[in-house]
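Chemist: First the structure, then my questions, so here it is.
The values are calculated or read from the model by the stated rules, or taken from the named source; none is laboratory data. Computed from a prediction, not measured in an experiment: that's the story for all the values here. With ligands, DNA and RNA removed, areas are computed over all heavy atoms of the protein, side chains included. Shrake-Rupley method; radii C 1.70, N 1.55, O 1.52, S 1.80 Å.
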Amino acid sequence: SDDLQVASEDAVYDFVLKWTRTHYQKLEERRDILSSRLGRYIRFPYMTCRKLRKVLTCSDFDHDFATKSV
């Protein structure tokens, strides 16, 4: 949302990743939650190229989801 008071969309990504790692210890659960629910709220086109490269190599995201999103 444009109303969310954050420095950048990178911060949203970092928060979502940290939140899922805290609440879902199993990698498969994190992948499922990120791909099916939370990932769609991250506005990937607004992220920096540096962070997008990290998305592509992040094991927490399903590879197909990450590739399509980036």
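Chemist: As I understand it, the value is the acute angle between the Cα axis of helix 9-23 and the longest principal axis of the Cα atoms of the chain; what does it come to in degrees, rounded to 10?
Modeler: For 9-23 against the chain, the angle is about 30 degrees.
Chemist: Let me ask something else. Using θ = phi - 60° and the Karplus form 6.51 cos²θ - 1.76 cosθ + 1.60, what ³J(HN,Hα) does each residue of the range 52-64 get, whole Hz, x for Gly and Pro?
Modeler: Each residue's phi maps through the Karplus curve to give 4, 5, 5, 4, 5, 9, 6, 6, 5, 9, 4, 4, 5 Hz.
Chemist: A follow-up question, please. On average over all directions, what projected area in square nanometres does the chain have, based on the convex hull of its Cα atoms?
Modeler: Result: a mean projected hull area of 4.4 nm².
Chemist: Also, quick follow-up: Can you give the accessible area per residue of the range 12-70, in Å², using a 1.4 Å probe?
Modeler: Each residue of the range 12-70 exposes 71 Å² on average to a 1.4 Å probe.
Chemist: For a quick check of understanding: with a 1.4 angstrom probe and all protein chains in place, what accessible area in square angstrom does Ser69 have, to the nearest ten?
Modeler: Counting only protein heavy atoms, the figure is 30 Å².
Chemist: Okay, next question. Within the accessible area of the chain, what % is carbon and sulfur when the probe is 1.4 Å and the other protein chains stay in place?
Modeler: 52
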